[in-house]
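Worksheet for the structure shown next.
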Amino acid sequence: MPHLFRATPQHNRYYAWFEALHTRVDLLLLAPLSEAAFEAAEEAVRRELLAVERMGNRFDPDSELSTAVRTAVSAGSATLSPELFGLLARCLQANRETDGLFDITVNSPGFCPGLIHAIHLTPFADAPGGTLTISHASLPSATGGASAGRDGSFVLDLSGILKGYALERLRSLLPTLGIHDALVNLGNSSILSLGHNPSDIPPGHCMTTSGNATADRRHIRDPLTGQYVSGRRQCSVTTADGVEGEILATVAVIRQATAPHAT
């Protein structure tokens, strides 16, 4: 893992990269800190991203998300942490705001349009967080698809929003470590700009890119038709909130692909 540490007139600069969230993470941190303090900050960033993975990584059967979905399908309901409850609530809100184009159920093997309506969130009356329930009447087994249950045929996939959420967590974390100027790059598709740094992204904003980098890649699904977006196409947006950027970039690619003269 290469590191670069050098002094400038006002700041010291610290660079590091590592793997997290199934992608490469590049950190450029600028602050009047020692190298040891920067290394401690890098470790804090690693822990924060690991916490995000443990909460929302649908590919990890032991993540809170995977466990909650299994429990809700088999037992009727599952208790969610305040963090996961809030993130799922934001996803359901985004589904309504985008007329169904942002949908975290699209990677369910038995997906059909409207499957997201199987999800129901109930906040606790006297504490943060809440419960997740899943309507069995709306599951794939009830709509002609795969049998729902412990086989994983009902999936909540936060991959299209999790990096933006992670950037917002880092936006809150870095100032507590004495770092107000930084550039955080998650896989070249989700980038956070803080304060003064060598980028064209406005300070305090995120740049999010979504789409197909090659003509044969197909990973974004139109929830209204069930069809995958095809062809080489990309969209980048700059927003003041990383979560909003993830939603808008994904929806823009789908809308671009379904436009009357899309190619």
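I'm checking my understanding of the structure. Among residues of segment 37-50 that are under 17 Å from the mean Cα position of the chain (by Cα) and touching a residue at least 40 places away in the same chain (Cβ under 8 Å), which one is surrounded by the fewest Cβ atoms within 10 Å (Cβ to Cβ)?
Per the criteria, the residue is Glu48.
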Legend entry - Single unsatisfied condition, Thr67 versus (1) under 15 Å from the mean Cα position of the chain (by Cα); (2) without any contact (Cβ under 8 Å) to a residue 24 or more places away in the chain: (1)
Inset, instruction - Check whether at least one residue in segment 37-56 is of a type in the set (Val, Ile, Thr), in contact with a Gly (Cβ under 9 Å, 6 or more places away or on another chain) and modelled with pLDDT of 95 or more, and report yes or no. - result: no
Inset, instruction - Output the qualifying pairs, or none if there are none: Cβ atoms under 9 angstrom, residues six or more apart or on different chains, first residue in segment 179-208 and without any contact (Cβ under 8 Å) to a residue 12 or more places away in the chain and farther than 17 Å from Thr23 by Cα, second residue polar (S, T, N, Q) and part of a loop (DSSP other than H, G, I, E, B). - result: Pro203/Asn197
Legend entry - Scope segment 210-238; condition among the β-branched types (Val, Ile, Thr), surrounded by 18 or more Cβ atoms within 10 Å (Cβ to Cβ) and modelled with pLDDT of 90 or more; matching residues: Val237
Inset, instruction - For segment 23-30, indicate whether the set of residues that are under 19 Å from Ile191 (Cβ atoms), of a type in the set (Val, Ile, Thr), in a strand (DSSP E or B) and within 17 Å of the chain's Cα centre (by Cα) is non-empty. - result: yes
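The values are calculated or read from the model by the stated rules, or taken from the named source; none is laboratory data. Remember, it's a predicted structure, so these values are computed and weren't measured experimentally. Note that each Cβ is placed from the backbone with ideal geometry, even for glycine, and that neighbours are counted across all protein chains shown.
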